[in-house]
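Each remark here refers to the structure printed beneath this line.
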Amino acid sequence: MPTREDYTRKVIELLADCNAYSLDAARVSWWQDSRGQGGMRLTDCGHKQFSRAGLEYWQFDFDPRSRGGWPKPRHLLVLKNHLTAPYFLQIGKKATLVFYGSKEATMFALYGNIDSFVQALKNLG
């Protein structure tokens with residue numbers, strides 16, 4: 001299973017103009033938590049770089065007032081601990097969840113909302 005460092009190296013290689021980014025600089029600016037086991041959540045800058053590199057992604061827009069609601073801190077913790085591919089969460093009037101892993105994207109599409117998806121992740125592991 002690829003690590004954050006593997007993904008970071010791959011994106012740096014794919015973007016010719018990324019030679020301005022060292023591995024450490026990319027790690028700090030692209031990942032929400034740049035510490036050792038900080039999870040796979042990308043920052044806005046990271047999401048932009050990953051999409052510019054042409055990595056395949058799946059985007060889900062949802063209304064936080066709908067069934068399943070707004071991503072709560074407990075949801076964020078489960079996502080951090082259980083997702084194995086990079087993802088991006090945009091918070092606003094409409095929330096957007098972007099997956100760079102087809103397994104997670106398919107699973108989210110099947111469950112349809114953040115609450116059910118997070119509960120399923122907790123039950124899996």
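The values are calculated or read from the model by the stated rules, or taken from the named source; none is laboratory data. Remember, it's a predicted structure, so these values are computed and weren't measured experimentally. When we count neighbours, we look across all protein chains shown, and the Cβ atoms used for this are built from the backbone with ideal geometry, even at glycine.
Tabulated values for the structure
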item: Enumeration of residues in the stretch 73-106 that are in a helix (DSSP H, G or I), out of contact with any strand residue (DSSP E or B) (no Cβ under 9 Å at 6 or more places or on another chain) and closer than 25 Å to GLU5 by Cβ; result: LEU77, VAL78, ASN81, HIS82, LYS103
item: Breaking point among (1) without any contact (Cβ under 8 Å) to a residue 40 or more places away in the chain; (2) part of a helix (DSSP H, G or I); (3) under 15 Å from the mean Cα position of the chain (by Cα), for GLN119; result: (3)
item: Residues located in the stretch 17-42, provided they are free of Cβ contacts under 8 Å to residues at least 24 places away in the same chain, within 18 Å of LEU83 (Cβ to Cβ) and either acidic (Asp, Glu) or buried (at least 16 other Cβ atoms within 10 Å of the Cβ) (or both); result: ARG27, TRP30, GLN32
item: Unique match (being in contact with an Asp or Glu (Cβ under 9 Å, 6 or more places away or on another chain) and modelled with pLDDT of 90 or more) among ALA95, ALA53; result: ALA53
item: Qualifying residue in the stretch 12-26 (condition: β-branched (Val, Ile, Thr), in contact with a helix residue (DSSP H, G or I) (Cβ under 8 Å, 6 or more places away or on another chain) and part of a helix (DSSP H, G or I)); result: yes
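Here's the yes/no breakdown for (1) aliphatic (A, V, I, L, M); (2) in contact (Cβ under 8 Å) with a residue 24 or more places away in the chain; (3) surrounded by 12 or more Cβ atoms within 10 Å (Cβ to Cβ):
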residue: ALA53; (1), (2), (3): yes, yes, yes
residue: GLN90; (1), (2), (3): no, yes, yes
residue: LEU97; (1), (2), (3): yes, yes, yes
residue: LEU110; (1), (2), (3): yes, no, no
